[in-house]
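To start, the structure under review is shown below, and the notes come after it.
All of the numbers you see were taken from the coordinates with simple rules; none came from a lab. For clarity, every value in this text was computed on a predicted model and none was experimentally measured. Note that each Cβ is placed from the backbone with ideal geometry, even for glycine, and that neighbours are counted across all protein chains shown.
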Amino acid sequence: MKKIFILFLLITTFHLSAQDKKPDPVIVLDGKIVRGLNSINPNNIESVQILYGKDAVDKYGDTARNGVIVVTSKPKPGIPPRESLDPTVTEVWDLAPMVVTPGKNVGDAPSDAILLFVGTDLTEWTNSSGAVAAWDVKDGAMTVAKGAGGIKTKRTFGDIQLHIEWRAPAEVKGDGQGRGNSGIFFHEQYELQVLDSYENQTYSNGQAGSIYKQSIPLVNVCKKPGEWQAYDVVFIAPRFSETTGRIIAPANITVFQNGVLIQNHVEITGPSQYKGLPVYKLHGKGSISLQDHGNPVSYRNIWVREL
């Protein structure tokens, strides 16, 4: 009965249009404009929608000023329905992103960031054994103190966005790995190298911006000794099987140095090793640690966003 009524509605609409000597309404079948009723099989009709006036013109243009008949066929088994000409079909209005206020200047922390060092104290940090961090804090920066050892965050993290600024000593001493050396370790084991690589030769996978002994930076964008530099990092932690403890998905990292891409979604092959090959071992979230390599490297403006 429903099919007969729909067919009657279509025929009546065209008959009235012909009597008024107006152009026929536009017929849209499964998202496509068709000519006449011959294209429509009443037995395959799922629904019919009639549009008039502004609604019709807004969706289908001036040719629809005398109305639009929108016919949708029943979907055929195994065949997805044709795309609709209605743009609202593909619009998503829920699940709106959370509003985050960006920092005033480039490098400033956004509103959802966790501030790890703002230039005043080391309350977010301990030394490598969990005792009080003993690096020097002066003029808004913290600097490796001789014999103090490395430091790490009290908090632990998984996937993060990290901003950190660093400076090699202005006074050039040593060369290669002995000049302005430090490191940023994710989960205390995956190292992003910090080194004075301005006109300073060393092995390529150990220079500034390298994933130590694993990935060479795309370019060398190091500034002169004594100038502040910035790393902006996206670190995705490795995934392990909950049942076997085996690695499922290796960690990966993207790094910008001084605004220039130097590591592009690089897969980390395991914990950084000075000797030997890296091998993954099961772990959970971890701290960010900063290395004491015997050089007075400085850090400032450190913040993270948990992803």
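At residue 96 and residue 161, where each label point lies 7 Å from the Cα along Cα→Cβ, what is the point-to-point distance in nanometres?
2.0
Quick check: residue separation of residue 118 and residue 246 times 0.36 nm, minus the Cα distance between them. What number comes out in nm?
Gain in length upon complete extension: 42.3 nm.
How large is ³J(HN,Hα), in whole Hz, for each residue of the range 173-183 in order, when computed from phi with the Karplus curve 6.51 cos²θ - 1.76 cosθ + 1.60 and θ = phi - 60°, using x for Gly and Pro?
9, x, 8, x, 6, x, 10, x, 9, 7, x
What residues qualify as long-range amide H neighbours of residue 151, i.e. H under 5 Å apart, gap of 5 or more or another chain, H built at 1.01 Å from N?
290, 292
Going by alpha carbons, how many degrees (0 to 90, nearest 10) lie between the helix axis of 2-19 and the longest principal axis of the chain?
That helix lies at roughly 70 degrees to the long axis.
5 Å is the cut-off here: which amide hydrogens, built 1.01 Å from N in the peptide plane, fall below it relative to residue 230, excluding neighbours closer than 5 in sequence?
The list, which skips near neighbours in sequence, is 166, 258.
To the nearest 0.05, what FRET efficiency results for residue 104 and residue 282 with a Förster distance of 41 Å applied to their C-beta separation?
0.45
Nearest 500 deg cm²/dmol is fine: what mean residue ellipticity at 222 nm does the chain get from its DSSP H runs of n ≥ 4 alone, each adding -39,500 (n - 2.57), divided by its residue count?
-2500 deg cm²/dmol
Specify which labelled value, from (1) 1.05; (2) 1.14; (3) 1.64, agrees with Cα Rg over 2.2 N^0.38 Å derived from the coordinates of the model shown.
Evaluating Cα Rg over 2.2 N^0.38 Å on these atoms matches (3).
Using 0.36 nm times the number of residues separating residue 146 and residue 204, minus their current alpha carbon distance, what extension gain do you get?
18.2 nm
Once the piece of chain linking residue 218 and residue 172 is laid out straight, how much longer is it, given 0.36 nm per residue of separation minus the C-alpha distance between them?
Gain on extension, residue 218 to residue 172, equals 14.1 nm.
Taking R0 as 30 Å, what's the FRET efficiency between residue 136 and residue 274 from their Cβ-Cβ distance, rounded to 0.05?
0.70
Before anything else, pin down the relative contact order of the range 252-307: Cα pairs under 8 Å, at least 6 apart, normalised by residue count, whole percent.
That works out to 18 percent.
Cα centroids of the range 28-68 and the range 172-198: how far apart, whole angstrom?
Comparing the Cα centres of the range 28-68 and the range 172-198, I get a distance of 67 Å.
In whole Hz and in residue order, list the ³J(HN,Hα) couplings for the range 270-285 that follow from phi through the Karplus curve 6.51 cos²θ - 1.76 cosθ + 1.60, θ = phi - 60°; x for Gly and Pro.
x, x, 5, 10, 6, 10, x, 9, x, 9, 5, 10, 3, 7, x, 5
Treat every Asp and Glu Cβ in the chain as -1 and every Lys and Arg Cβ as +1, leave all other atoms uncharged, and give the resulting dipole magnitude about the Cα centre to the nearest 20 debye.
Approximately 800 debye in magnitude.
Long-range amide H contacts for residue 116: which residues qualify at under 5 Å (H placed 1.01 Å from N, peptide plane, sequence gap of 5 or more or a different chain)?
When sequence neighbours closer than 5 places are left aside, the close amide H contacts are 302, 303, 304.
When only C-alpha pairs under 8 Å and at least 6 residues apart count, what is the relative contact order of the chain, in percent?
Normalised by residue count, the contact order of the chain is 19 percent.
Where does each of 291-302, 258-269, 226-237 land if you order them by average Cβ count within 10 Å, highest first?
291-302, 226-237, 258-269
Straight-line reach from residue 54: which aspartates and glutamates have Cα under 14 Å away, leaving out those fewer than 8 places along the same chain?
62
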